[in-house]
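The values are calculated or read from the model by the stated rules, or taken from the named source; none is laboratory data. Bear in mind the structure is a predicted one, so any value in this text is a computation, not a measurement. All Cβ positions, glycine included, derive from the backbone under ideal geometry; neighbour counts span all protein chains shown. Note: areas computed on protein heavy atoms with side chains; ligands, DNA, RNA excluded. Shrake-Rupley method; radii C 1.70, N 1.55, O 1.52, S 1.80 Å.
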Amino acid sequence: MAFQYIERFRSKTPKSLLIYVLGGYIILQFVWWAYMLVDLNAEIYHLKLAMLLSSETPSVESQLLKLELDEKLSIKIWMVLGEGSVFLVLLALGFRAVRRSITKELNLAEQQNNFLLSITHELKSPLAAIKLQLQTLAIRKLKDEQRNQLYSRALKDTDRLEKLVENLLMVNKAESGKMPIVKQKVDVSKLVYDLAEHAYKEQLDSKLLELSIVEGVCVNGDVMALQSIVSNLLDNAFKYASNSKVQLSVVQKTNVEITVSDGGPGISNSDKQRIFERFYRLGSENTRTTKGTGIGLYLVKILVRMHEGQISVSDVLPNGTCFTVTLPQVGN
Ligand code: ADP
C-alpha cells in the first residue's frame, strides 16, 4: 500500500515541478533582460555625458543638456520597471491559471482512474458472487432454508448490479440531455413510503430505518427520478453509517423537504463542497473500505436540478450527515 502511495505521489510531482521550474526560469530570464536594458541605457547615458563634457558648448547649455539626459535616463528606467511589473503581474496570473487547470486535469484523471478501478470491482464482485451461488445451487443438494438463503443473496447481488447499471445509464442520459423526464403530480409521501416498504423492508423491520412522513405531500415530478434520488441517499446512509439509525422524513414547509439523516462518520466541510462532483469519493482508492463509484450524489444533484429543486448537506450532532432535498410544492 505504501508503495502505491509513492507511485501516486511520483506520477503527480514531475508535472507540477516542471511548471515551477519553467515559471522560475521565465522570471529569471525576465529579470536578466530588464537588468541588461537598464545597464544599456546607463551605458548610453554615460557615453552621451562624456561627449557632452568633452564638447566646447557653453556651460549653462551643457548643464541643461545634462539635466535633459538625466531625465531621459530616469524615464527609461521607470519605463522598464513599470512595464516589467505589469508583465510580471500578467505572468503570475497566467501562471496561476495554468497551474490551476493542470491541477484540475490531474485530479480529474485520478478520479477517472479511480472510477475505472471501482466500476470494474463493482461489476465483477456481484457477478462472481452470483456465479458461485448458482453453482452451489446446481451442484449440491441443499436444505430448503439454505436454498432460500442462496436465492435471496443472489437476488440482492442482482439488485446491486441493476442499481449500478441504472445509475450509469441515467448519468449518461442526463449528461447527453436525453433523460426522459415525465413530470406529473406525484404524491411524494406515498412514493417514499412505498419505496421504503418494498426496497428497505429489512432495515425497517430491524428498526435501522425510521420514517417520519407527513401524508399527502405532492410535487410535480418524475416517479423514476424521485425514487432514484431517495434510494441513492438511503443506500449511502446505510453504506457509510452502517449500524446507525437512518431517519427518512418528508415534510411540507414553504417547499417540500425530503431529508435522509444518519449517525455515521459525517463529512468534513471541505469534502461537503466536492461530494456532488462526478466520480468524487472521499479518501483514496487504496485506503477506502466501502464500495462505490462516486456517481450517486452527482446523479442525485442532476435529478434534483431537473425538478427545479436544491440539495444540501449538513452535520448531525454529535455525529452524522443529513441530506436535504428541497422541491417546489404543488397544490392538492
Ligand atoms: P459512492 O457512494 O459510489 O462513492 P456517491 O456519489 O454516492 O458515490 O458519494 C460520494 C462520496 O460522498 C462517497 O464516496 C462518500 O465518501 C461520501 N458520502 C456520501 N453519503 C455519505 C454519508 N451518508 N455519510 C458519509 N459519507 C457519505
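Quick look at the numbers
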read-out	value
Number of the exception - P180 against (1) away from the ligand (no atom under 15 Å from the Cβ); (2) under 21 Å from S312 (Cβ atoms)	(2)
Yes/no for L37 being open to solvent by 60 Å² or more (accessible area, probe 1.4 Å) and in contact with a Leu (Cβ under 9 Å, 6 or more places away or on another chain)	no
Test result for L52, of a type in the set (A, V, I, L, M) and in contact with a Ser or Thr (Cβ under 8 Å, 6 or more places away or on another chain)	yes
Verdict on A138 being at pLDDT below 95 and more than 31 Å from the chain's Cα centre (by Cα)	yes
Qualifying residue in region 84-106 (condition: surrounded by fewer than 11 Cβ atoms within 10 Å (Cβ to Cβ) and closer than 30 Å to E166 by Cα)	yes
Complete set of residues in region 207-234 that are of a type in the set (S, T, N, Q) and within 15 Å of the ligand (Cβ to nearest atom)	S228, S231, N232
Pairs, first farther than 20 Å from F238 by Cα in region 142-161, second hydrophobic (A, V, I, L, M, F, W, C) and surrounded by 14 or more Cβ atoms within 10 Å (Cβ to Cβ), C-beta under 9 Å, six or more apart	L142/L150; R147/L137; L150/L137; Y151/L137
Qualifying residue in region 74-82 (condition: of a type in the set (D, E, K, R) and over 52 Å from the mean Cα position of the chain (by Cα))	no
Residue in region 283-303 that is open to solvent by 40 Å² or more (accessible area, probe 1.4 Å) and outside any loop (DSSP other than H, G, I, E, B) present	yes
Residue within region 246-260 that is among the hydroxyl-bearing types (S, T, Y) and part of a loop (DSSP other than H, G, I, E, B) present	yes
Test: residue in region 175-193 that is modelled with pLDDT of 85 or more, farther than 30 Å from E257 by Cβ and open to solvent by 80 Å² or more (accessible area, probe 1.4 Å)	no
Matching residues in region 54-74 - criterion: being in a helix (DSSP H, G or I) and surrounded by 11 or more Cβ atoms within 10 Å (Cβ to Cβ)	E61, S62, Q63, L64, L65, K66, E68, L69, D70, K72, L73, S74
Filter result for G266 (near the ligand (Cβ under 8 Å from one of its atoms), over 22 Å from A225 (Cβ atoms), part of a loop (DSSP other than H, G, I, E, B) and at pLDDT 85 or above)	yes
Residue tally, condition surrounded by 13 or more Cβ atoms within 10 Å (Cβ to Cβ), among the small types (G, A, S) and either out of contact with any helix residue (DSSP H, G or I) (no Cβ under 6 Å at 6 or more places or on another chain) or farther than 25 Å from I295 by Cα (or both), over region 122-168	1
Checking L117 against (1) among the hydrophobic types (A, V, I, L, M, F, W, C); (2) under 30 Å from N41 (Cα atoms); (3) open to solvent by 50 Å² or more (accessible area, probe 1.4 Å), the condition it does not meet	(2)
Any hit, region 82-93, residues being more than 16 Å from F30 (Cα to Cα), without any contact (Cβ under 8 Å) to a residue 12 or more places away in the chain, in a helix (DSSP H, G or I) and among the aliphatic types (A, V, I, L, M)	no
